[in-house]
Amino acid sequence: MRSTSDRIGLLRDRLASRIVIIDGAAGTSIQNMHLTAADFGGPQLEGCNENLVRARPDKIRELHDSFLDAGADIIETNTFGGASVVLAEYGLAEHAREINRLAGTIARAAADAASTSKWPRFVAGSMGPTTKAISVTGGITFDQLADAYQEQAEGLIEGGVDLLLLETVQDTLNCKAGLVGIERAIAKTGIEVALAVSGTIETMGTLLAGQDIEAFYTSLANRGLIWMGLNCATGPDFMTDHLRTLSEICRFDVACVPNGRPARRGRPLQRVGRIAGAQARALRRRRMGQPDRRMLRHNARAHPDAGADGRGQAAAQTLEPAPFGGVGDRGAGDRRKHAPGDRG
């Protein structure tokens, strides 16, 4: 079996030594490009950000390059809604594997072009929660969802990602179906990649399906994850207690991807970087002598003091007010209308 172990080994080294920064919101960034229906592939595909890897790959490369320039160590593929069950809303279900493969290829090329021996860049295959939740909305079986995730994972692996990220998890059953699909994809392609999981906590203090952070972690504690964390639906301040709890019990590196708040008269109500920095310091104190065994990740445009050689400061200067995106910052601004996995 082939492996991405060399690059993942480099990533683990980074996690052991400093905060690692991931890219920012794809949806709002794409919305700010002011694309036309033709850019998406026609009026019937307008709003399908994932299809841009086919219709306007140059724009997706531009997106990745902007985050790499801002200081991101990791960029995510433009595939948050890349599962066939989501793409079916646009009549693109049969193109799921192709879309994910192309997305992986574009991100891989961008990361490789920006990498140096001292500063390698990495690619995470983004796998969102889909528009179905087994425990909440129904309308899909565990096996059907696992099959959809397998197809998506196969395309991403073929595209050259370093790891697969199940993000904005709202239902542990969905997450487990995703992990089953990923395991099958790894076996089928013969290529080993790393795995990571990020959930989202609602205002009631649980995932949408009702699991609190301890139950969420317990359900995944036996998995070989490179990190586990939260990308938050409710703003960065709300994440702190849940992240503190997770850091106390989690055997994996811990990830933090806070959203911003809505802008008021062109200015953000909260500076994401300041809050993320406070979260980083709080979690480091909780580790009591092991400050670098946890990973906190967040918008590359936001963190004021992460990274070396002033990269964090440069990134902070590029922070722009952005709309608060539904459940997680990967796709705020997507014009699609749906329930679980809504990206703004």
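The values are calculated or read from the model by the stated rules, or taken from the named source; none is laboratory data. None of these values were measured; they are calculated from a predicted model. Because the Cβ atoms are built from the backbone with ideal geometry, glycine has one as well, and the counts that use them run over all protein chains shown.
Scanning segment 140-177 for residues that are under 15 Å from Phe122 (Cβ atoms) and of a type in the set (Gly, Ala, Ser) yields Gly159, Gly160.
Restricting attention to segment 227-251, the residues that are within 17 Å of the chain's Cα centre (by Cα), surrounded by fewer than 22 Cβ atoms within 10 Å (Cβ to Cβ) and on the phi < 0 side of the Ramachandran plot add up to 1.
Take the conditions (1) surrounded by fewer than 24 Cβ atoms within 10 Å (Cβ to Cβ); (2) under 25 Å from Ala38 (Cβ atoms); (3) out of contact with any Asp or Glu (no Cβ under 6 Å at 6 or more places or on another chain); Arg56 misses just one of them, which is (3). In segment 59-82, of all residues being among the charged types (D, E, K, R) and crowded, with 24+ Cβ neighbours inside 10 Å, the one that is nearest to Met127 (Cα to Cα) corresponds to Glu76. Between Ala153, Ala107, Ala83, Ala111, the distinction of being touching a residue at least 12 places away in the same chain (Cβ under 8 Å) and in contact with a His (Cβ under 6 Å, 6 or more places away or on another chain) belongs to Ala107 only. Counting only helices (runs of 4 or more DSSP H) that sit completely within segment 125-233, those holding 3 or more residues that are out of contact with any Gly (no Cβ under 8 Å at 6 or more places or on another chain) and within 26 Å of Leu15 (Cα to Cα) correspond to 172-189, 213-220.
Residues in segment 27-45 that are within 20 Å of Gly104 (Cβ to Cβ), at pLDDT 90 or above and within 20 Å of the chain's Cα centre (by Cα): Ser29, Ile30.
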